[in-house]
Structure formats: structure tokens, C-alpha cells
Ligand SMILES: *[C@@H]1O[C@H](CO)[C@@H](O)[C@H](O)[C@H]1NC(C)=O
């Protein structure tokens, strides 16, 4: 960019004199991840730009981008910093500090000129989850319903790794959520935080715990983007911290929490409903928002139902936020099949169904999906992390390469500036079926600066019923009456250009 923007501005007046040429947009920045892994999220650094010019015939596929139609503001892509994930990362830091920092920069550096993904969605459990070394809440002082004695009792390495991530990406967005209230507030299930439900006498004051958890994280130096009342409130499992909670209880606690955050200077922190599977998107979160209309939106998981179910919540509350906060890969599945599914369903698909974010489960675990909560049956044959770490080294998994391509399209252009906002994109042409794509505009901190326009494109034209046959798709991109031609290899491509504000 650096030189290029200057060139646009300098040449505009000169060109007007010497030639009637239109000063147009150019594509210099292209990142791809190919199906055969010969290229993994690397800039192609073209020697000369791909130019937008007067439209000719459309290509095998055609992307029509309409920046007059804007949709949701994006927040980011990423995963959960469980205790296990933080321990795994911290062990790498101890055994091979160079590899640790390389990894953090590759995952979280949002700088344009770096080859980092800039992942900005970080979900942090409040207390123990199924990926913790022991059972604990942030306030195990029985009877302290005002939560005045709450402290961040997570192992020290959790906050230290979180701080390292923040050093690399100061604009990360934190999503807080408990797997269970403190054990002394519970009844039934396996005892303590395992299974069971919240005792009715605590429904009216549990928000104090959540408010103080948010405040404690803020006091530790981290902005909190959102907090949820309960992870997977329709699911109980006596082998790890879980808690069932009715939609009505969730709404009562959420409403009290929102009001308390508002009256304590934390009104910018969003309170999200549900945190559970797509299949009940039309029911549980809709019931919560009907009873507690001051909540900010709903969060969804992938383990039942279909991503299109998110529309039911969006249609009921079009002005509320949608977030996709958890899905996990399982050990042994096929790399390219997974990348296709992640793009189609989550990192492109959930965004088409109104998500502002899409997050996977553990950021890091070992190659067997460990360590886990002692004795838990969760993640039966092993959940793969976004990165797996062993023997002082790391391997970034398909989850990373897929989400990196999506995140690169929405990173702020200006440090601390706005993230991308989705704009209208239509796919057509004879091979339009081969592409799945989203488009975004990223605004600038200065209103006069050219905005960034980006697309993320999956080409899944890899064969037919008769066999494996990956084929590139020559594609025209139409933008503000001009057209550029790009050939997309089978894989995922992210590219962008700049244009004056509308
Ligand atoms: C795009 O236009 C520039 C001049 O601005 C030219 O140097 C370059 O070769 C063109 N790119 C292509 C692919 O034709």
C-alpha cells in the first residue's frame, strides 16, 4: 500500500490532463491457502497489480459487489483460551520461547505488513471447564452472594498467556462465559460444579458473580467485549462443570447483569443469550430476548442443527448481534474436507447468517486433544486444537488456515481503527456454484482516507462424482461499475483493494 496510495493521489490530476483514463482500483494484496497445502496463508505479492477497468464479458464465475448495501459489523475469528490451551501454550513458552512468540505473531498479529492472521476473537471461561486441571470457580466462598470476595482464581499462566496475546493484538475482543456457577450455588448432578442446576434462591443474585468477573478482568487490564450467563444451558454432564438453566432463569440473570453493568460504567459490555446449539435458535434465545429485551444478542454452537437456524433468531431480533462461539474439529478428519466445511459453514457461512464472529473451541492442546478435566467423557476420541503443541514445537491445524483467511479480510486498516463490515456480494456465472464468498468494507479513522474493500473466497471446484479434478475458476469481480479478473485456485483466497469513501 504505502507507495501505492500516494501514486493514486499523485496521478489523478496528471492523468486527467494527459489521457481520459479513469483512475481505478488495483489489487496488490492476495493471500491464499491451497487445497494441496503448497501455499498456506501466504501473500502472493504480485509483481504488477490486477486492475479494475471497463467491464468486458463476465468470467466462469462473477462476483458482483454492492457497497451501498451494508450488513453487520464484524468482530473477529478465533477460539477459546481454556486452562488447557493456556497451559499448552505456556509449556511451549518455557521449552521454546522463540517458537512460542513466532506462533503468537502468526496467529494474532493484525499488522498489514506482517504475515499474521490477526485473530481477534478470544473466549475465556470464568472458572473451570472440561479443559481445566481441577474444579474451581472465581468465588468458592459459600454464601458470598454479593461476590465481594471474587478473584480471578484461574491458574497464573492463563492471565500471563492472555497478556502475551494482548501484547501482539491489542484490539482482541474478549468473550467471557462460565461453564457453571460456583458449586455452592448448585443442586443435583454430580456434586459441586458438575452437572445439576442453579438453586432457585441464587437466581436473583448470581449476576453479582458475573458482574464482578467482568470487573476483575477489566481491572486486570483487558477490555471485555461480551459476557454470557451460562455455557450450553440445555446440557448437563456429571463428568465436568456444566449447569442447566431455563430460558426464564437465563433472562432474569441476564437482565440483572445488564442493568448492573450499566450502572457500574460497564454498559459497553454486551450480554449474550444462549451459548448453545443451532437447533433451538428459534426457541431458547428468542424466549430469553423476549423476557430480557435489553440483552445484546445471542451466541451459537455447531453441535446440533444447521447454521441457517441462526436466521430464526436474527429475524426475530434484526437489530441484535449474532455470534458463533464454539465448534471443534475432531482428531483424524481430512484436512481439505475440513477447510471446505469450515469456510462453507462457519467462516463464510455463519457470517452470511448474521454472525459478527466465529470461534472454534481450544486454541491449543496436544496432538491427542489433552489435557482435559480429570475423568471427563467430554470430547470422546479427542478434540483437535486450532494449534497442536508437542515436544517444543507446534503445528497449525486446518482450523487455523481456514479462519486466518477469513480474519485477514476484516482486520482494521488503522491500528485501533474499525474492523470490516459485511457488504452485499452476489455470485453468478456458469461456475458460480464453485465459489462461496463474502465481501467487507473496512473504514478508516480519518474520513478522507481510502477505505479497504476485501473479499474472502472458497473455490471448492475439486471434482465430480467421477473423481478428483481440482479446477481453477476464472472470475470477474464487479465493483462500482468497473471489473477485475482473478483466477481462483482450489482453496481459499483473500484479497483487497482500496477506494474512496462513498
Ligand atoms: C495494471 O495497470 C498498471 C498501470 O497502472 C500496469 O503497470 C499493470 O501491468 C497492469 N496490470 C495488468 C495485470 O495488466
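Nothing in this text is a laboratory measurement; each read-out follows from the coordinates by a stated rule. Just so it is clear, the model here is predicted, and its values are computed rather than measured. With ideal geometry, Cβ positions are generated from the backbone for all residues, glycine too; neighbour counts draw on all protein chains shown.
Below is a table of values for the structure above.
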read-out	value
Ranked list, fewest to most other Cβ atoms within 10 Å of each Cβ, for 275, 449	449, 275
Centroid-to-centroid separation of the stretch 360-385 and the stretch 259-323 [C-alpha atoms, Å]	27
Distance from the stretch 136-162 to the stretch 428-502 (C-alpha centre basis), Å	46
Per-residue [θ]222 nm for the chain (sum of -39500 (n - 2.57) over DSSP H runs n ≥ 4, rounded to 500)	-7500 deg cm²/dmol
Angle between the chain longest axis and helix 206-219 axis [Cα atoms, degrees, rounded to 10]	50
Approximate spin-label separation residue 259-residue 337, in nm, with each point projected 7 Å along Cα-to-Cβ	5.1
Taking only Cα atoms of the stretch 152-258, radius of gyration then Dmax in Å	14.7, 43
Under the Debye formula (equal points on every Cα, no solvent term), log10 I(q)/I(0) of the stretch 110-164 at q = 0.14, 0.26 Å⁻¹	-0.54, -1.10
Per-residue Cβ neighbour rank within 10 angstrom, fewest leading, 464, 454	464, 454
Quarter of the Cα convex hull surface for the chain, i.e. its orientation-mean projected area (nm²)	23.9
Between helix 156-168 and the chain: long-axis angle, C-alpha atoms, 0 to 90°, nearest 10	20
The stretch 91-229: translational diffusion in µm²/s, Stokes-Einstein, Kirkwood Rh over Cα pairs, 20 °C, 1.002 mPa s	131
Degrees, to the nearest 10: 97-108 long Cα axis against longest axis of the chain	70
Spin-label zone in the stretch 351-379 - amide nitrogen under 11 Å from a point set 7 Å from the Cα of residue 72 along the C-beta vector	351-359
Exposure proxy order (Cβ contacts within 10 Å, fewest to most) of 242, 69, 82, 252	69, 252, 242, 82
Stretch gain in nm, segment residue 464-residue 449, where the contour uses 0.36 nm per residue and the Cα spacing is subtracted	0.9 nm
Rg/Rg_ref, the stretch 392-502, where Rg_ref = 2.2 N^0.38 Å and atoms are Cα	1.23
10 Å binning of all Cα-Cα separations within the stretch 250-340, expressed as whole percents from 0 upward	17, 42, 25, 12, 4
